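The values are calculated or read from the model by the stated rules, or taken from the named source; none is laboratory data. Owing to the predicted nature of the structure, the values given are computational and were not obtained by experimental measurement. All Cβ positions, glycine included, derive from the backbone under ideal geometry; neighbour counts span all protein chains shown. For the accessible areas, the whole protein counts, side chains as well, though only heavy atoms, and no ligand, DNA or RNA atoms are used. Shrake-Rupley method; radii C 1.70, N 1.55, O 1.52, S 1.80 Å.
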Amino acid sequence: MAYYNVNFPVVLQVDASDYGLGAALLQPTKLLYDKTFDETSLQPIAYSSKSLTQTKKKIHTNRERVPCNR
(Lines give C-alpha, C1' and ligand atoms only; values in the text may rest on other atoms or scores of the structure.)
Protein backbone atom coordinates (compact mmCIF):
# COMPACT_ATOMS: atom_id res chain seq x y z
CA MET A 1 0.00 0.00 0.00
CA ALA A 2 1.10 3.53 -0.72
CA TYR A 3 0.30 6.92 0.76
CA TYR A 4 -2.25 9.14 -0.98
CA ASN A 5 -0.70 11.87 -3.13
CA VAL A 6 -3.00 14.85 -3.71
CA ASN A 7 -1.12 15.73 -6.93
CA PHE A 8 -1.79 12.40 -8.66
CA PRO A 9 -5.06 11.12 -10.19
CA VAL A 10 -6.95 8.25 -8.57
CA VAL A 11 -8.51 5.15 -10.13
CA LEU A 12 -11.41 3.31 -8.51
CA GLN A 13 -11.73 -0.36 -9.48
CA VAL A 14 -14.82 -2.28 -8.36
CA ASP A 15 -15.99 -5.85 -8.84
CA ALA A 16 -18.97 -7.92 -7.76
CA SER A 17 -20.03 -11.54 -7.89
CA ASP A 18 -22.89 -13.64 -6.56
CA TYR A 19 -20.95 -14.00 -3.31
CA GLY A 20 -19.36 -10.63 -2.56
CA LEU A 21 -18.24 -7.13 -3.47
CA GLY A 22 -14.79 -5.59 -3.73
CA ALA A 23 -13.22 -2.21 -4.41
CA ALA A 24 -9.72 -0.76 -4.64
CA LEU A 25 -8.58 2.87 -4.76
CA LEU A 26 -5.36 3.12 -6.81
CA GLN A 27 -2.83 5.80 -7.69
CA PRO A 28 0.11 5.76 -10.11
CA THR A 29 3.60 5.88 -8.66
CA LYS A 30 4.75 8.30 -11.36
CA LEU A 31 3.23 10.56 -14.00
CA LEU A 32 4.46 10.75 -17.58
CA TYR A 33 5.51 14.02 -19.20
CA ASP A 34 1.99 14.72 -20.49
CA LYS A 35 0.38 14.16 -17.03
CA THR A 36 -0.87 10.69 -18.01
CA PHE A 37 0.25 7.48 -16.34
CA ASP A 38 1.14 3.93 -17.19
CA GLU A 39 -1.40 1.46 -15.79
CA THR A 40 1.40 -0.85 -14.68
CA SER A 41 2.50 1.79 -12.15
CA LEU A 42 -0.77 1.73 -10.15
CA GLN A 43 -0.50 0.98 -6.43
CA PRO A 44 -3.33 0.52 -3.91
CA ILE A 45 -4.15 3.40 -1.56
CA ALA A 46 -7.16 1.68 0.06
CA TYR A 47 -9.25 -1.41 -0.51
CA SER A 48 -12.38 -3.06 0.81
CA SER A 49 -14.39 -6.25 0.37
CA LYS A 50 -17.64 -7.60 1.69
CA SER A 51 -19.20 -11.06 1.63
CA LEU A 52 -22.91 -11.15 0.92
CA THR A 53 -25.31 -12.67 3.44
CA GLN A 54 -27.69 -15.45 2.39
CA THR A 55 -30.52 -12.89 2.27
CA LYS A 56 -28.57 -10.47 0.06
CA LYS A 57 -27.58 -13.31 -2.28
CA LYS A 58 -31.28 -13.81 -3.11
CA ILE A 59 -31.72 -10.24 -4.43
CA HIS A 60 -32.05 -10.26 -8.22
CA THR A 61 -29.57 -8.08 -10.11
CA ASN A 62 -29.38 -7.13 -13.75
CA ARG A 63 -26.43 -9.03 -15.23
CA GLU A 64 -25.92 -6.67 -18.18
CA ARG A 65 -22.74 -4.67 -17.96
CA VAL A 66 -23.21 -0.96 -18.29
CA PRO A 67 -20.17 1.15 -19.18
CA CYS A 68 -19.55 3.94 -16.68
CA ASN A 69 -16.73 5.76 -18.46
CA ARG A 70 -17.68 9.27 -19.46
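Take the residues in region 1-41 that are more than 30 Å from Q54 (Cα to Cα) and part of a strand (DSSP E or B); name whichever of them is farthest from the chain's Cα centre (by Cα).
P28
Regarding region 30-48, can at least one residue be identified that is open to solvent by less than 100 Å² (accessible area, probe 1.4 Å), of a type in the set (D, E) and at pLDDT below 85?
Looking for residues that are open to solvent by less than 100 Å² (accessible area, probe 1.4 Å), of a type in the set (D, E) and at pLDDT below 85, one finds at least one in region 30-48, hence yes.
Only residues in region 34-46 that are without any contact (Cβ under 8 Å) to a residue 60 or more places away in the chain count as the first member; pair them with residues that are acidic (D, E) and loosely packed, with under 12 Cβ neighbours inside 10 Å, Cβ under 7 angstrom, at least 6 apart or cross-chain, and list the lot.
none
I59 is checked against (1) of a type in the set (A, V, I, L, M, F, W, C); (2) open to solvent by 100 Å² or more (accessible area, probe 1.4 Å); (3) modelled with pLDDT of 90 or more and fails just one. What number does that condition carry?
(3)
So, in region 42-61, how many residues would count as being in a helix (DSSP H, G or I) and closer than 13 Å to M1 by Cα?
0
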